[in-house]
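The block underneath contains the structure these notes are about, expressed in structure tokens.
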Amino acid sequence: MKILSVVHMAENGNETEEQNDRDPPDINVTVAACCIIMVCIFGMLGNGIAFWYLSFRMPRNKFTVYIINLSIADFTYLFFNSILMVFQIDALMGVHPKIPGIVKVIISLEIFYDGAYQAGMFFLLAISIERCLSVFYPIWYRCFRHKHQSLIVCIGLWCTAGVESCLENLACTAEAFAERSAQCTGVQAVTFVLAIGISLPLMLFSSAILLIKVHKASVKRRPPKLYVIIAISVFVFMVACVPIKFMWLLRYMKLLPHNFRSLNLFFVSILCTVFGSSINPYIYFVVGRQKKQNLRGSIHSALHNVFHEEEDETENTFEKSSGISHIS
């Protein structure tokens, strides 16, 4: 219940903080929320284009399945984030009276919001781990990997993210969050450990391995673009999305003051997360594009260079590991 919790935080802070020590809250909130909505629109456009090309204009492979689901997750997160920003503005500025049942509406929106955010993190983790497996165990990866493994993993990750989001929004309501109930403490601990204690270290470890691979490959030839994209995407996630987890932990432990400075910190952290969910398709385009191409051809070529170059790289790695060589 992030929206209701933050609104309550801001209202309490308004009673204890002097008005002349800060700008009017409605102006701050409006500007911040409008910036977030603009970034969301920018990100939805990029993720929508990436989804269209990868789903309908290009043949699929094991990695494009992950990227398609990542684009869906990021688009969903940005879409519901922009809607919740409108509720945020309305709640803090008091433009409209309270609508009956609005709390249930916000809870429903945040279930999708949080679920999409968690799913995006899981898909990025799955991409990183699977690419490392293909590098270090190419024979097993080529011979024993299930044909529909990417699809099966994605379904499992969507289900996991959905369950986690439901627990976070239904078992840890705004009242339970404020009171730090036992069940809410358990939910917060599980979500924090899953994101920061498990997912983040695995992403950092796999990205470090890929960076080493990139460094070694760049000595002899141009490194695969997918390696570069995974490393950049994980770095962006770490910088943009991890701080909000620590902010909510501090907020839950009541180590952040209940004032509009904390509200500003909330908006900055949300802006970082929407930036992290918006930038991925543009990373694909920048890394994969070729010079002197028109926009439409450049998008198709960039995505093809990124996600189908990987198949050639896997084939070469498999042949080297198994001692197979092409006969000219």
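Find all pairs meeting these conditions: Cβ atoms under 6 angstrom apart; at least six residues apart or on different chains; first residue within segment 117-146 and surrounded by 15 or more Cβ atoms within 10 Å (Cβ to Cβ); second residue of a type in the set (D, E, K, R) and at pLDDT 80 or above.
Close Cβ pairs satisfying both conditions: Gln118/Glu164; Gly120/Asp74.
Any residue that is surrounded by 23 or more Cβ atoms within 10 Å (Cβ to Cβ) and either assigned to a helix (DSSP H, G or I) or modelled with pLDDT under 80 (or both) - is there at least one of those in segment 90-104?
Checked segment 90-104: no residue is surrounded by 23 or more Cβ atoms within 10 Å (Cβ to Cβ) and either assigned to a helix (DSSP H, G or I) or modelled with pLDDT under 80 (or both).
I'd like to check which helices (runs of 4 or more DSSP H) are fully inside segment 219-312 and have at least 2 residues that are open to solvent by 10 Å² or more (accessible area, probe 1.4 Å), modelled with pLDDT of 80 or more and in contact with a strand residue (DSSP E or B) (Cβ under 8 Å, 6 or more places away or on another chain).
Working: elements: 225-252, 260-288, 295-307.
It comes to none.
Would you tally the residues in segment 160-182 being assigned to a helix (DSSP H, G or I) and open to solvent by less than 80 Å² (accessible area, probe 1.4 Å)? Full working, then the answer.
Of the residues in segment 160-182, the ones assigned to a helix (DSSP H, G or I) are 160-171, 174-179, 182.
Filter once more, keeping what is open to solvent by less than 80 Å² (accessible area, probe 1.4 Å): 160-162, 164-166, 168-169, 171, 174, 176-178.
Qualifying residue count for the region: 13.
Mind checking which residues of segment 191-203 are within 12 Å of Lys245 (Cα to Cα) and surrounded by fewer than 15 Cβ atoms within 10 Å (Cβ to Cβ)? Quick ask: steps written out before the conclusion?
As a first pass, look at segment 191-203 and keep what is within 12 Å of Lys245 (Cα to Cα): 191-197, 200.
Within segment 191-203, Val193, Ile196, Gly197 qualify.
Among what's in segment 180-202 and is of a type in the set (Gly, Ala, Ser) and touching a helix residue (DSSP H, G or I) at 6+ places or on another chain (Cβ under 6 Å), pick the residue that is farthest from Ala126 (Cα to Cα).
Among residues in segment 180-202 that are of a type in the set (Gly, Ala, Ser) and touching a helix residue (DSSP H, G or I) at 6+ places or on another chain (Cβ under 6 Å), the one farthest from Ala126 (Cα to Cα) is Ala195.
Does any residue in segment 71-83 that is touching a residue at least 40 places away in the same chain (Cβ under 8 Å) and within 11 Å of Ile36 (Cα to Cα) come within less than 7 Å, Cβ to Cβ, of a residue that is acidic (Asp, Glu) and surrounded by fewer than 24 Cβ atoms within 10 Å (Cβ to Cβ) six or more places away or on a different chain, and which pairs are these?
Here the result reads none, with nothing in segment 71-83 linked to a residue that is acidic (Asp, Glu) and surrounded by fewer than 24 Cβ atoms within 10 Å (Cβ to Cβ).
Please count how many residues of segment 28-62 are within 17 Å of the chain's Cα centre (by Cα) and closer than 20 Å to Trp158 by Cα.
5
Among the residues of segment 81-88, is there at least one that is under 30 Å from Ile152 (Cβ atoms), modelled with pLDDT under 95 and either of a type in the set (A, V, I, L, M, F, W, C) or in a helix (DSSP H, G or I) (or both)? Spell out the reasoning first.
To start, the set of residues in segment 81-88 that are under 30 Å from Ile152 (Cβ atoms) comprises 81.
Subsequent filtering for residues that are modelled with pLDDT under 95 retains 81.
Filter again for either of a type in the set (A, V, I, L, M, F, W, C) or in a helix (DSSP H, G or I) (or both), leaving 81.
Yes, that holds for at least one residue.
Among the residues of segment 107-118, is any farther than 17 Å from Gly162 by Cα and either part of a helix (DSSP H, G or I) or at pLDDT 85 or above (or both)?
If we filter segment 107-118 for residues that are farther than 17 Å from Gly162 by Cα, which is where we start, we get none.
No, because not a single residue in segment 107-118 is farther than 17 Å from Gly162 by Cα and either part of a helix (DSSP H, G or I) or at pLDDT 85 or above (or both).
The values are calculated or read from the model by the stated rules, or taken from the named source; none is laboratory data. If you're wondering where the values come from, they're calculated on a predicted model, not measured in any experiment. In this analysis, Cβ positions are derived from the backbone assuming ideal geometry, glycine residues included, and neighbour counts consider all displayed protein chains. Just so you know, the surface numbers come from the protein's heavy atoms only, side chains and all, with ligands and any DNA or RNA stripped out. Shrake-Rupley method; radii C 1.70, N 1.55, O 1.52, S 1.80 Å.
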